[in-house]
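The values are calculated or read from the model by the stated rules, or taken from the named source; none is laboratory data. Treat the numbers as computed from the prediction; the structure is a model and nothing was measured. Using ideal geometry, Cβ is built from the backbone for each residue, glycine included, and neighbour counts are taken over all protein chains shown. Calculation scope for accessible area: heavy atoms of the full protein, side chains included, ligands and nucleic acids excluded. Shrake-Rupley method; radii C 1.70, N 1.55, O 1.52, S 1.80 Å.
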Amino acid sequence: MTPNDLDGLLPDLLIAPVIRGALAEDLGRAGDVTAQACVPADAKLTADFVARRGGVVAGLSIVRLTLAELDAGVTVDPLTADGHVVPAGTALARVSGNARAILTAERTALNLLGRLCGIATLTQDFVDAVAGTNARITDTRKTTPGLRQLEKFAVRCGGGVNHRFGLDDAILIKDNHVAACGSVGEAVRRAKAFAGHLMKVEVEVDSLVQLQEALAHDPDVIMLDNFTLEDMAEAVRTVAGRVILEASGGVTLDSVRAIAETGVDVISVGALTHSAKVLDIGLDAVGN
């Protein structure tokens with residue numbers, strides 16, 4: 001996905017409630033007492049949001065929306081775009097206007113922007129690791145509560161694709177569902193009877209025996225949970241393209257290439273959102 005393809009994929013309506021909640025948490029009962037004490041109410045400031053470490057940009061609109069909550073008159077000039085890879089020292093956006101508003105919004109904007117850029121950067125590392133194979137890297141539901149839409153957007157900025165967004169947009173039968181139903185086959189049978197014509201059914205299996213059982217009931221996707229590389233390769237040969245195969249379970253940058261080379265279609269990586277390192281971004285005042 002190119003930066004231009006990302007335009008409009010993170011609507012303001014999705015971001016604004018998150019920003020308001022984060023600002024309310026920071027402002028507390030009395031607001032930014034430091035800015036009130038030290039900065040004149042009419043003081044002006046120009047500053048750059050700067051990447052201290054190289055990475056992939058994601059969520060630039062957060063800067064604009066965070067500042068707009070405090071002062072609609074602050075101007076924000078993006079200097080790059082979501083999905084761009086930038087080296088350390090790159091200015092991502094320049095802001096100019098009321099100093100109190102900028103300094104009060106600083107930490108909230110940096111926290112969210114750094115989080116999303118970190119996810120995008122780690123995602124790109126995984127995508128690069130499987131380059132040349134047919135496997136695609138996807139996220140999971142292991143996201144920060146309240147930030148799922150933003151974090152999944154960041155995955156797309158890094159070149160990954162999204163798994164289901166919630167419990168309501170696809171059927172994914174896990175091991176505990178199988179235990180409750182009695183067998184893989186029975187779980188898939190019930191799911192297919194329930195699902196509408198537009199809803200896909202995926203089932204998790206933990207052995208080649210369960211794989212055969214699942215295949216007999218024609219799910220749309222089969223998840224290979226913590227399979228060995230040898231068993232993954234055997235699963236690919238067995239399925240022979242009849243269903244989509246997804247590899248899952250403890251995937252790391254060290255292991256993902258070998259997994260992709262077994263021939264699976266999708267590799268889901270929870271680490272993209274639950275273990276990404278925040279990209280170090282700072283706010284630097286610019287002299288007038």
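Nearest 0.05, what FRET efficiency do CYS38 and ARG242 give at R0 = 45 Å with Cβ-Cβ as r?
0.10
Rg/Rh for the range 57-149 to two decimals, with Rh computed the Kirkwood way over all alpha-carbon pairs.
1.05
Which order do GLU204, GLU234, GLU261 take when ranked by solvent-accessible area (1.4 Å probe, heavy atoms of all protein chains), largest first? Present the calculation step by step, with values, prior to reporting the outcome.
On the way: GLU204 15, GLU234 70, GLU261 120 Å².
Of GLU204, GLU234, GLU261, the descending order of accessible area is GLU261, GLU234, GLU204.
Over 26 Å between Cα atoms: which of LYS200/LYS277; LYS142/LYS200; LYS44/LYS277 fall into that group?
Beyond 26 Å: LYS200/LYS277; LYS44/LYS277.
Based on the alpha-carbon gyration tensor of the range 167-283 and its eigenvalue square roots a ≥ b ≥ c, which shape applies: rounded if a/c is under 1.5, prolate if not and a/b is larger than b/c, or oblate?
On the way: a/c = 2.22, a/b = 1.45, b/c = 1.54.
Oblate.
Which of the DSSP-defined H helices in the chain satisfy a minimum axial length of 20 Å, computed from C-alpha atoms, and a minimum mean Kyte-Doolittle hydropathy of 1.0?
12-27
Peptides 128-135, 25-32, 60-67: what's the order by average Cβ count within 10 Å, highest mean first?
So the peptides 128-135, 25-32, 60-67, ranked by packing, come out 60-67, 128-135, 25-32.
Return the calculated 222 nm mean residue ellipticity for the chain, to the nearest 500 deg cm²/dmol, obtained by summing -39500 (n - 2.57) across DSSP H runs with n ≥ 4 and dividing by the residue count.
-12500 deg cm²/dmol
Protein chains only, probe 1.4 Å: how do ARG94, ARG237 rank by accessible area, largest first?
So, going from the largest accessible area down, we get ARG237, ARG94.
In the chain, carbon and sulfur make up what percent of the accessible area (probe 1.4 Å)?
52 percent
Amide H neighbours of GLY55 under 5 Å, counting only residues 5+ apart in sequence or on other chains, H built in-plane at 1.01 Å?
Under 5 Å from the amide H of GLY55 lie the amide H atoms of VAL86, each far enough along the sequence or on another chain.
Given a cut-off of 17 Å, what percent of all Cα-Cα pairs of the range 1-124 lie beyond it?
Tail of P(r) above 17 Å: 57 percent of Cα pairs.
The range 135-168 to the range 53-120: how many Å between their Cα centroids?
With the range 135-168 and the range 53-120 each reduced to a Cα centre, they are spaced 21 Å.
Express in Å², to the nearest 10, the accessible area of LEU279 obtained by rolling a 1.4 Å probe over the protein heavy atoms while all chains stay in place.
0 Å²
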